[in-house]
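Report on one structure; see the data block that follows.
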Amino acid sequence: MKDIKLTLSLKWYEILLVMIEMGLLAAGSWALADSLMIGSPVAAWRFLLLFIIWALPGAAILFFFKPGRD
Amino acid sequence: MDNKKKYILISLWSATALTVIWFFAAGLSIYAFLTFFVMLATSFMAWGLSGKVTDNMRKKAIHGVNAFWIVMAFLFLFPFPVPDRPEYVVGEVHRFSEPNHGWGRGLLGALGPNLVYHGLVFTPAEEIKGLGDYGALPTFVTTFPLTRALFGATSITDGLRDNVQHGGEPTKIVPYAWTTWKGASRENKIGWNKGDLLLGDVAQKVGYETAKYTPEENALMIKEIGLWLGSMTVGICKVDPRWFYSHDFLSMGTPLDLKDVKEMKYAIQVFTDQNWRRVHNDPGHSWWSITKSGQAYSTSAWIAVRMAQMLRDMGYKARVGHGGINYDTAESPFSVYNGLGEYGRLSDAVVPTAGGLRFKSATILTDFPLAPDENKQGHGITKFCEHCDRCARACPVNAIPQGDMTVENGVKMWHVDKDKCVRFRAGNLNGNCCNECLRVCPYNKPDTMFHRLGVYITRHSPISAYLFGNVNAIGLEDWLDFETSSWAGKYNINRPARWIQEDEGFKMKFPYVIGKYVFTEDDRSTAEEWSTGVGAQMGKVGLKYKGVVWGKIPDRLLDKNGRNRNVHWDYKEGELPKGLPLPGKYMPIEEVTKLLKSGQLYTGGWYKKNDDVYPKRSEKYEKGLLKYEDAVKMWEKE
């Protein structure tokens, strides 16, 4: 079996953005779980969606807004 | 980059900029706020896919997003100093007359006879007859067996509220078990227990030692006992004598002389949850609504009468006020001045640690020395309510004000149209009372860690009210739409508004006398014409909200006869007999004046002129601007 080599090189500000993105998704998951536990599935979904939407610009920059295209 | 891509990018960024304009133009719309993020992401993605991006551009973009979220996190999560409680008292405050509060006016007949006897719609007259001892029956309370059981419990505890009578209450004193003394208080004070040791958690905090009975120690003990007895939270404050009702409801007009209660310097307030499960899931058109009140009132009452008896047994005076209508005082000021809550748009105190508006409270007035809770710091609730109108939008009869606060009786806050509110709640033909303002309040959530974080943010963050507020149906709570998740679905917010009306052309005749109390022309309801059906389309009836028309009964709620299945539609059309008598009577003004002057009749109401109130107002407390802190100091010296 061949070794799988993964290389990840991130600048400090990219790491910070990744952490922010993860924090937003974690908060969304907490909101989802909390709202489900109080019997509000619609609010739970909307809460999660809210945090996902907030995370979208950061995700778009991380994955698409980078050199090497055109 | 070719021109086509360039134009697409310019269009996307222009659209993103437009969402910012939309956000501010629409009064901080949550939809604009979210659209901005979607557009921003789309623009960056399109740019990245179609344009030339340099390392420097990427770096700047990431720095921008990072900076935005760091600033937002700081603004939302940093423990900014909490603003002081707003100064609500801005003018001359008069004591409130209990017969003149909404329920008093409705049940005693000042709003018309049909409202008083609306229970005839649901319950045969023979069954209602004899259920109550005090004039007109609160028949909306006695319609259902569970409601009777729970509200009935408050009648049982009424006699245990005190062992002496002041101002007509308790109406019938019931001796507490295991006690032989009958005076107001014991001569010899005794301690917490035989060994006089501090108990439980208090001992853990201050040491297992003999009680010194300092006010601080007493307050700690009272709080622990209150929580142990089942109160959600316990508040302690000094008493402002203006909170005492000037006239009593249950004995129909008996005045309360402040001299009789001058030893009541401290107030302990206990709280009972009406329960998220019920409040969230059951619409006002179900019979749960008033039943929830009965549950929380009787539970609070039971906590309070037992604690009061303990204080009396220790040798002190203790007097309980509990619901439904067994209070000596207005209740909400206690929740504000014991530091637990603030006044909200509903005119009531919102207490975050008690489910916002979802509680019922009882109060023990006592001379037992207690250290009051800190009450200078606020909770940001009044400020939040300035940016939130969910309760006002949910009110079926528009009784809750939208817009700014106003001044009534020297108090600057939002003032509910109590006549409209009571007429709908007492006379709701599609249910039993109401529930909507409590249910849609953003503070109405179970006490989870996540909700506590929300309350923390609301309290500390300088921008949360702007983004979380809900004026014009565009706030975070509207986006989350908790209502749709409730068992009754979106019809909770949109139920039919149908309530007992007075006969066509009805006009109340004053002076109207019931018991010892006189309602005068000054007491005429501003909603009197509306009560006869004129302008009945006021409120939200007929308007669309979230795609559903107000006033239309949803099919799934109808029974086979086309009636709302949640209530007992066991009467024939006509709803109530014509020309029902009022429980009180009209009396000529000359005769009334004579009886008022001779002290045989009484009348009150904060809005009346000094000369029109019997007995006369206190020159000391009810004249000029008197802040809470000053009133309390004066009362301490009485």
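Where a number appears in this text, it was derived from the coordinates with a stated rule and is not lab data. Please read these numbers as outputs of a predicted model, since none were measured by experiment. Positions of Cβ are generated from backbone atoms using ideal geometry, with glycine treated the same way; all protein chains shown enter the neighbour counts.
Here are the numbers:
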{"item": "Neighbouring partner chain Cβ atoms per residue of B:56-65, average, 10 Å criterion", "result": "6"}
{"item": "If the convex hull is drawn through the Cα atoms of the range B:578-629, its volume per residue in Å³", "result": "143 Å³"}
{"item": "Packing rank of B:338-349, B:16-27, where each peptide gets the mean count of other beta carbons within 10 Å, highest leading", "result": "B:338-349, B:16-27"}
{"item": "Ranked list, fewest to most other Cβ atoms within 10 Å of each Cβ, for B:92, B:636", "result": "B:636, B:92"}
{"item": "Chain lengthening between residue B:257 and residue B:188 when straightened (0.36 nm per residue, less Cα-Cα)", "result": "22.1 nm"}
{"item": "For residues of B:447-460, the mean tally of beta carbons on other chains within 10 Å", "result": "2"}
{"item": "Protection proxy ranking of B:352-363, B:436-447, B:184-195, B:406-417 - average other beta-carbon atoms within 10 Å, highest first", "result": "B:352-363, B:436-447, B:406-417, B:184-195"}
{"item": "Exercise: per-residue mean of other protein chain Cβ atoms within 10 Å, A:3-15", "result": "1"}
{"item": "Taking the range B:98-636 and dividing mean pair separation by its residue count, relative contact order in percent (alpha carbons under 8 Å, at least six apart)", "result": "18 percent"}
{"item": "Under 18 Å from the Cα of residue B:507 - aspartates and glutamates, other chains or at least 8 residues apart", "result": "B:419, B:521, B:522, B:523, B:528, B:529"}
{"item": "Span-rule helices in chain B, defined as complete DSSP H runs reaching 18 Å or more along the axis (Cα) with Kyte mean at least -1.0", "result": "B:3-25, B:30-50, B:55-77, B:145-158, B:215-229, B:288-314"}
{"item": "When the convex hull of its Cα atoms is projected in every direction, mean area for the protein assembly as shown (nm²)", "result": "40.7 nm²"}
{"item": "Stokes-Einstein D in µm²/s, Kirkwood radius over Cα pairs - the range A:20-61 at 20 °C with 1.002 mPa s viscosity", "result": "212 µm²/s"}
{"item": "Eligible lysines near residue B:509 by straight Cα distance, threshold 29 Å, same-chain separation 8 or greater", "result": "B:129, B:418, B:420, B:578, B:585, B:594, B:597, B:608, B:609, B:616"}
{"item": "Sequence-distant lysines (8 or more away, or on other chains) whose Cα lies within less than 29 Å of residue B:189", "result": "B:172, B:205, B:212, B:223, B:238, B:259, B:262, B:265, B:317, B:633, B:637"}
{"item": "Simple Cβ-charge dipole of the range B:582-638, Lys/Arg +1 and Asp/Glu -1, about Cα centre, in debye nearest 20", "result": "60 debye"}
{"item": "Karplus-derived 3J(HN,Hα), 6.51/-1.76/1.60, for each residue of the range B:263-279, Hz, glycine and proline x", "result": "7, 7, 9, 10, 10, 10, 10, 10, 10, 10, 6, 7, 5, 4, 3, 6, 4"}
{"item": "Footprinting exposure proxy for B:602, B:213 (fewest neighbouring C-beta atoms within 10 Å first)", "result": "B:213, B:602"}
{"item": "Taking only Cα atoms of the range B:60-103, radius of gyration then Dmax in Å", "result": "23.1, 67"}
{"item": "Equivalent ellipsoid dimensions for chain B as semi-axes, Å, which come from the Cα gyration tensor, largest first", "result": "46, 34, 23"}
